1. Just to be sure I understand the model, the point goes 7 Å from the Cα along the line to the Cβ. What's the resulting A:E87 to B:I39 distance in nm?
2. Subtracting the Cα-Cα distance from 0.36 nm times the residue separation, let me have the gained length for B:T13 to B:E114 in nm, one decimal.
3. Within region A:183-283, report the GluC sites (Glu not before Pro) that DSSP leaves as loop and that have at most 15 other Cβ atoms within 10 Å.
4. Indicate the gyration tensor shape class of region A:56-207 (rounded, prolate or oblate), computed on the Cα atoms with a ≥ b ≥ c the square roots of the eigenvalues: a/c under 1.5 is rounded; otherwise a/b larger than b/c is prolate and the rest oblate.
5. About its Cα centre, how strong a charge dipole does the protein assembly as shown have in debye, to the nearest 20, once Lys and Arg get +1 and Asp and Glu get -1 at the Cβ?
6. Using the per-residue mean of other Cβ atoms lying within 10 Å as a proxy for protection, in what order, highest first, do the peptides A:276-283, A:88-95 fall?
7. Between the alpha-carbon centers of region B:11-31 and region A:1-55, tell me the distance in whole angstrom.
8. Each label point is 7 Å from the Cα along the Cα-to-Cβ direction; what then is the distance between the points at A:D278 and A:S118, in nm?
Amino acid sequence: MSNTSVLSVRDLTKQYGTVRAVDGISFDITEATVFTLLGPNGAGKTTTLEILEGIRRPDDGELTVFGRTVRHVDRTMKEDMGVLLQEGGFEPYLRVREVLQLFASFFRRSRPIDEVLSDVALTEKASALVRTLSGGQKQRLAIGAALINNPRLIFLDEPTTGLDPQARRNIWSIAEHLRSSGRTIILTTHYMEEADALSDVVAVMDHGTIIAQGTPRELCAKLGQTTIIEFDGHEITFSDLASLDARCRELRREGDAIVVETEDFLATMERLLAWSSDRSDPLRNVTVRQPNLEDVFLTLTGRRLRE
Amino acid sequence: MSSLCRLARVHVTTALRERVTLFWYLVFPLFLLVLLSLIFSSVGDADELTFPVAFANEETSGSALSFASYVEDVFVSLGQSGAGEDSALFDLRLPPDDAEVSAFVESQLNAVREGDIAAMIVLPAGFDNRVLAAAAGGDPATLTVYLSGGRTSSSLVGFIVEQVAAGIDKQILTVLGRFDPQQAFPVESRTVSQDDAKPFEYVDFLLPGILLMGVFTTGLFGVPGTILFGRDQGILRRYWVTPLSVPRYLAGFTAGHAALCFLQFACIWLVGRFALGSTISLFRPLPMVFLLLGALTFLAFGFLIAAVARTANAGMAIANILNMPMMFLGGLFFPIADLPLALRIVMYANPMTYLADGLRSTLSVDTALFPLPIALAVPIAWIVACCLIAARQLRWGVDQ
């Protein structure tokens, strides 16, 4: 992995009315890495991404893209960018090949259409109208259109939202493949496992600022030696669990489950088992795990990602 | 292929592949053209209309049993409304009692020439004697109708007068005991306002209207439809993340729109010319200027709608609201008769009125209501106004 910076952002600000959607954020993205923006709706991810994609102009701040420093992204920069929008459509009455030809015409250089078609497994659908495609096929067409110019910098805005697990795996492997071929990827996602699996660097955004940044492992390490124990807590009240006392960092209910965060796993587990055998009702559906990015986010913001 | 050509091609192919747009752009105008020209090619039922007509009786014999006064009475009765039913067929103007008939004829001839009245009927001096002579086998008298060339109403009146005169003719001959096809007084039509007078054909009047309707529909519905649908569905958003700029998109879009209009023009003209036998000569500078101006006016209106509507559905609603008054209060299909004041205001504000008037008068199928500079200026003013508003208001979903 080289250390060339493909994109760096300094004090980026964008205000809508009185709302500071993006409030002076800064970060650097290294070539051939996956940089993930993580945050709940309204955190400023979309606005940040729109500025970087060249759809919005920032009020303030500086962008350095491919070594050139500018106030906003210009057309020359877009020649080397590929954007997979979270929401976007294609003319329903165009054929798949025509869509790719159209997008190819927007760039000075583009890849051969047939090559792109086979990359996204749409060769057999080349003459089909867009309106007849399935959701997964449309998403693959969108990827094909985003990669038509052989971009150096690729934006994936919630690329797997609404896709089935199989289609999600496909997108992941495409992303892995792109990174290993030297492309730089900026990803936003709601899915923790997606951020965990793909990201080199995660920036957690909330209220227009970046509140934490690092590799997924670094971020999780911020929670210390925490272990998380979950079990079925249908008929259990918090007062029943008073004996867990100070050793447990946090005790909360999530749906039917009781979630215990503890820094002393052995002691907590012993008490829990003792309490359970006292009431002669064994704990059900117990899981023990290390904290993930979701827990990091919860600790940092006090909210869950998808609230 | 350049992005401009690609975008233009996309605009045309998607419009033609979608059945709904294909219907409104091509099938509907053609359907209307054929239907209306079939219905109205033999106009005879005009009893809803009242035509201003002058009648001058130059016969001076003044005897009680005068054929001339009998003919006059018949036409006068056509100028009176029936008992509580239909309105009068003619709004008949007779010479004032104290005036010279020849002066009246002179002034009314001018009125016909100017298009103020539909026709003037002149019954010549010596009519009574000539009718009697004709009944005995001599030369007949002639009832002269002065028509204003190229005007629908005028042609209709000419047709009606001929029918009425033929009826009176037969009656007189029957009274005089003649039953052969001899005529006592044939009707002679004289066209006064135009040198190259030719028989009026409804299809010649209709075809320019349908051509304008074509560019009207394509502009009013097609432009905001494509732009707003593209914005709502995120189609345009995908374009803006590429190096494609809004001006370039607009250029490609407009080129595609122009191609669609041309295709439409070709289809409508071919049907009008070869299937319905229209003889108008469109391919001259001024008619072409008016058609082009029409296409531009409604393209601009399309941009205006796209600028003020928040969503594609709202845009279609606005287009639908504008559709009816602009189309029907612009004289596209029928000559505009006397309208109530409110409707006349709409008519005078409507660029379609001026386009239709300019196109028809330069094609010599109707006399001009407005001078040429006005017919050109009003649509141009609309284009400028629409484009200014659209340039300020139209949201593309990208910071420029």
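1. 4.5 nm
2. Details: separation 101, 0.36 × 101 = 36.36 nm, distance 4.78 nm.
Extra length from B:T13 to B:E114 when fully extended: 31.6 nm.
3. Of the GluC sites (Glu not before Pro), the ones in loops of region A:183-283 whose Cβ has at most 15 other Cβ atoms within 10 Å are A:E235, A:E263.
4. oblate
5. Working: 60 positive and 78 negative charges, 567 e Å.
So the magnitude is around 2720 debye.
6. A:88-95, A:276-283
7. Distance between centres, Cα-based: 44 Å.
8. 6.9 nm
Only the coordinates and a few stated rules stand behind these numbers; no lab work does. Here the structure is a predicted model, which is why all the values come from computation and not from measurement. FYI the Cβ positions are ideal-geometry reconstructions off the backbone, even for glycines, and counts take in every protein chain you see.
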